[in-house]
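Note sheet for the following structure.
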Amino acid sequence: MKNLYYKILHFIFFLVFCLTSNFCYSQLTEQWLHRYTGPESSTDTPSDIYIDAAGDFYMTGKSILSGGFSDVITVKFKADGTRQWIANYNGTGNQNDAGNSVVRDNSGNTYITGYARVSGGQNDLIIIKYNSAGIEQWVKTYNGTGNFDDNGIKILFDGQNAIYTAGYSFGSGTGYDFILLKYDLSGAFIWGKRWNGVSNSDDYLKSAAITADGNIVLAGHSYKTGESNNYAVIKYNSAGDFLWEKFYNGPISADDQITDLETDNAGNLFLCGKSEGGVGAGYDYAVVKLNSNGDQQWVYRYNGVSQSDDVATGISLDAGGNVFITGFSYSASAYYDFATIKLNPSGTQQWVRLYNGNQNYFDKAVGIKADINGDAAVTGNSIRLSDGTSDVVTVKYSSAGDVLWIKQYNGPGDLDDIPTGIDADAKGNFFVTAQSYSYFFSLCGTSDYLSIKYTPEGNSVFETRYDGQGSGPDESVAFDTDASGNLYVTGLSFQTFSELDYAVIKYNPSGVPLWVSRYDSEGFNDIPSGIEADDAGNTYIAGSSESNSGFDISVIKYNTDGFLQWERKTNGSAGGDDYSTGITRDASGNIIVTGHLLQSGSGYDITTIKYNSAGVQQWIRYYNGPANGNDYSKKITSDDLGNVYVTGKSPGTGTGDDIVIIKYSSSGNQVWAVRYNNTSANSGDIPEDITIDKSENLYVCGKTNTVVNGYDMLLLKYNSSGVKLWERTQNGSASSDDEASALSVDSEGNAVISGSLNNIITGKDMTILKYDMNGNLIWNRSINGTSNAEDHAVDSKIDGAGFIYVTGYCTDNISGLNFCTIKYSDSGMKVWEKKYNYSDNDSDKAAAVLVDNSGSIFVTGSSKGLGGGLDFVTMKYLQSFTLDLKLLIEGYYNGVSNINTEDTIKVYLRNGSSPYNISDSSLSVSDVNGNCIFYFDNIQNGQNYYIVVDHRNSLETWSSSALQFTASGLIYDFTNAFTKAYGNNLTLQGSRYCVYTGDANKDNVIDVSDLGLIDNAGFNFKSGYVTEDVNGDGVVDLTDLGITDNNSGNFISTIRP
């Protein structure tokens, strides 16, 4: 009971500290995530953006998914451009649905309006509410009196407890009418109003707003016999009472249509649009100001130099009441130009500015936003005369009309980028939204939501995309990086006319896709097995390509720009299906591919082919096992000398399938071939991965069939001569099938295998085992998803500091199969765990993990999308610096049992040179073995730091020297030598070295003052989590006094540089 009480006090202390500090948690940040949906992907069209007070933003629109119909897709992004959630709405008719407007309430809930096509063939107006996590709360639909099309155009939040939706609705004998609906936040209908113009004809709403006094204004155009369309403005109060209606009819009583609406704090209304100005003269800008009573204050018209079409598309006000209008104006010499105008509050023109794109062609502005400084930014599209494609152009003008900057955006695929609007946050950053046609498939019409954030100075903060799902299977299988930090992902991707193709995507370090190249050999299936990138960014992909005569081993090379340089195929002598299973690149840049060819008289033979970087074959070698049966290749690797190692499975004589390992010299000579058979079963032995250590020892992992226990995890180690040094197996408690899928070896020859064990209660668990160089098990870790179902590791890597990264998938309740990526310290402590679940809660399975020299983590795999097809998913994470520290505390450590009482430790990192300033600090709790994990964000690569340990009643202890962190972290052990502490300031307890305890007053000296504190606490029977408790047993007594007295007598104090 005493020990439990102590632990509870310690936990409370640590929890309070964590909640009031930033020392407790690793910072793992998703830098970017990209889905690749292939040629069968969706067309995604954004329509609106809303920016909240935190700078987070919400986009809604539509996405055409499988079946050819569109759904409402709403996406929330954080202020840094990271996607937070995706919400999909498919109406009951399972036909075309679209979101037109988005808003957020004070609690973080999001509301969408638009339309959904129902089974009767008409569109119904819809209102959708999502909570702050993007979970649908309710949906409301409205079918007008005419039982035909109804469309929500604008959604508004009144700042308190109501939502208004405005749009147009087909009436009974009235054509289209304005519609205004009011709901409370729970979705309860409050009232609805229809407005029908005087001619009983079509009235189309274009915008709506809530005025400063809480009234609602609707704006659009209304047809009137004899006058055509007029501007129409209608005002209601919050109770739904009609207040007034106002119209504007241009000078020739022709077509006048509102395009945008703004209000100011006095309740004045500002309208812009297009208005026919004269017979044959085209449209003019028409800007109208109404006061809060609807009285016209002034009208401003703009007619460009060519007496042709001038169309206003957007309006914005600055804090001084100045009015900015943009749109486009035609001239015979420049076609269409952006035309941006500033008016003062009285409607007097201050300036007009035209923007003519660099190709003197069609340039049309779509929106404008004034910022907090009285400047204004305009966005629109600029069409290139050379190929007819559209770029997004954003121009910022000062309040005086000077051009501050111009930004032109052309997506990576050099296709259409069509802007839809612009908005700004409270800091003056501008958000430009667009429909960006896929850089991948110009012929397929696929497009993405695009948002670009610019600083007030015009610097691009990010471009972020939503690429909707496709219906075809697209599965990532492997990736690699080049010397510049670019990432190359390959996998199989479906296209209707060519079936499965190799697909290779190149990303720059910021996650921008630079190109996608597809390889289709002869119009049939092409399935990649691996990829290698050289330092210059050339990529080599191996796989299997199908023709009329079956599959062949196929190897291709792309240059750094994604253009095919060469392709090579190999076909077995039997003329059937031949398959590639792996690729590696040696230190000289040669490419070695393995697979199995179908040969006449011997079935499948393990085949290894070497090419130089120009694609010239250097040699080809075959392995046919003793049973002359089917021999299948699995994996390949090479060493620094160019030796090649291949593993696969091969039937033996009376032994079933055996594991075979073959070593070839760089010239292709077979050095040796060894076989492994589990003689206790003489059944299936199957390899999964192969690697070598720095001493050229070879490791193979996989599974071995024991018959009684099913398959067990298997690890084999051989020396460079092919002599088996040891083998290890692991069986789950269910005695069912277990498998090691991935293998990594660190610089000390420790081997880590990962895969899965089947256990009785928890089912198939992701399992990670670490062995030392002699085959002794160091630690065993498992991950079990919440559903106790399928959890499996598929890949692992070890970084330069010795940290271990494992990825795979876990099965969780509700969310189904998820990516699961974990980082472990050298001692087996979990540093972090990261899962990825797409919004459909279906199947998300990681395929590979990679850590680059900067410590960034990449994970790729496949994820089932909303359209039902699989997509590539690739993500990049940035992590905090990690310190994996081993530390034992003198009074807390039992040298007989080798157990250390858990306690809180603080570490300071001090600069490596005088005056040794503190650079960062972190807090952790040691485990019973003295292992602790610390996280740091304020240090730099290449800088030297002393590790300074601070414990509540121990002596401050410094590392023996200043140390450098690698990109991912540092591993340091104080317990294995005196010399690990500065001045050898450690004490030997049993066989381990510990920091001194007894410094109760924390003055860096253990002396009589500490003895006095401890003696007094013991006399008063002090207990609990207190500093005078030098041995951590929760009671202050003679034991604590004895430890301190001994250290005081030896004049123990802190030693530091």
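When L769, L743 are screened for being at negative phi and within 28 Å of the chain's Cα centre (by Cα), only L743 passes. Is one or more of the residues making up the stretch 247-254 under 12 Å from A219 (Cα atoms), part of a strand (DSSP E or B) and under 42 Å from the mean Cα position of the chain (by Cα)? No, that holds for no residue.
All of (1) aliphatic (A, V, I, L, M); (2) crowded, with 20+ Cβ neighbours inside 10 Å; (3) not assigned by the TED database to the domain that holds N894 hold for V1030 with one exception: (3). A single member of G732, G722, G710 is in contact with an Asp or Glu (Cβ under 7 Å, 6 or more places away or on another chain), surrounded by fewer than 20 Cβ atoms within 10 Å (Cβ to Cβ) and either among the basic types (K, R) or more than 17 Å from D795 (Cβ to Cβ) (or both), and it is G710. Say we look at the stretch 965-1015 and pick out the residues that are over 46 Å from the mean Cα position of the chain (by Cα) and of a type in the set (A, V, I, L, M); which of these is nearest to A801 (Cα to Cα)? Out of the qualifying residues, it is L988. If the condition is being part of a strand (DSSP E or B) and either modelled with pLDDT of 95 or more or among the hydroxyl-bearing types (S, T, Y) (or both), then the stretch 945-970 contributes Y945, Y946, I947, V948, V949, D950, S954, T957, W958, S959, L963.
Taken as a whole, the stretch 311-320 holds no residue that is in contact with a His (Cβ under 8 Å, 6 or more places away or on another chain), closer than 30 Å to D213 by Cβ, modelled with pLDDT of 95 or more and not β-branched (V, I, T).
Of the listed requirements (1) without any contact (Cβ under 8 Å) to a residue 40 or more places away in the chain; (2) touching a Pro at 6+ places or on another chain (Cβ under 6 Å), N96 misses just one: (2). For the stretch 76-88, the count of residues that are of a type in the set (D, E), at pLDDT 95 or above and either surrounded by fewer than 23 Cβ atoms within 10 Å (Cβ to Cβ) or touching a helix residue (DSSP H, G or I) at 6+ places or on another chain (Cβ under 8 Å) (or both) is zero. Annotation: of all residues in the stretch 698-707 being among the hydrophobic types (A, V, I, L, M, F, W, C) and surrounded by 21 or more Cβ atoms within 10 Å (Cβ to Cβ), the one that is farthest from the chain's Cα centre (by Cα) is L698.
None of D903, D844 is of a type in the set (D, E), touching a Leu at 6+ places or on another chain (Cβ under 9 Å) and crowded, with 18+ Cβ neighbours inside 10 Å except D844. Under the condition of being of a type in the set (A, V, I, L, M, F, W, C) and touching a residue at least 60 places away in the same chain (Cβ under 8 Å), the residues counted in the stretch 1010-1035 number 2. When the residues of the stretch 212-246 are filtered to those that are charged (D, E, K, R) and part of a strand (DSSP E or B), the one that is surrounded by the most Cβ atoms within 10 Å (Cβ to Cβ) is K235. No other residue among G81, G99, G91 is of a type outside the set (F, W, Y), more than 21 Å from K427 (Cα to Cα) and outside any strand (DSSP E or B) apart from G91. Where strands (runs of 3 or more DSSP E) fall entirely within the stretch 509-556, those with at least 3 residues that are more than 29 Å from the chain's Cα centre (by Cα) are at 539-547. Scanning the stretch 744-802 for residues that are aliphatic (A, V, I, L, M), part of a loop (DSSP other than H, G, I, E, B) and crowded, with 19+ Cβ neighbours inside 10 Å yields a total of 1. Among the residues making up the stretch 1007-1035, those that are touching a strand residue (DSSP E or B) at 6+ places or on another chain (Cβ under 7 Å) and not in a strand (DSSP E or B) are D1029, V1030, G1034. Screening the stretch 803-852 for residues that are hydroxyl-bearing (S, T, Y) and in a loop (DSSP other than H, G, I, E, B) and picking the one that is nearest to Q27 (Cα to Cα) gives S825.
Listed by position, the strands (runs of 3 or more DSSP E) contained in the stretch 120-192 that have at least 3 residues being crowded, with 20+ Cβ neighbours inside 10 Å and modelled with pLDDT of 95 or more are 123-130, 150-157, 162-170, 176-184.
The values are calculated or read from the model by the stated rules, or taken from the named source; none is laboratory data. Everything quoted here is computed from the prediction, not taken from an experiment. Positions of Cβ are generated from backbone atoms using ideal geometry, with glycine treated the same way; all protein chains shown enter the neighbour counts.
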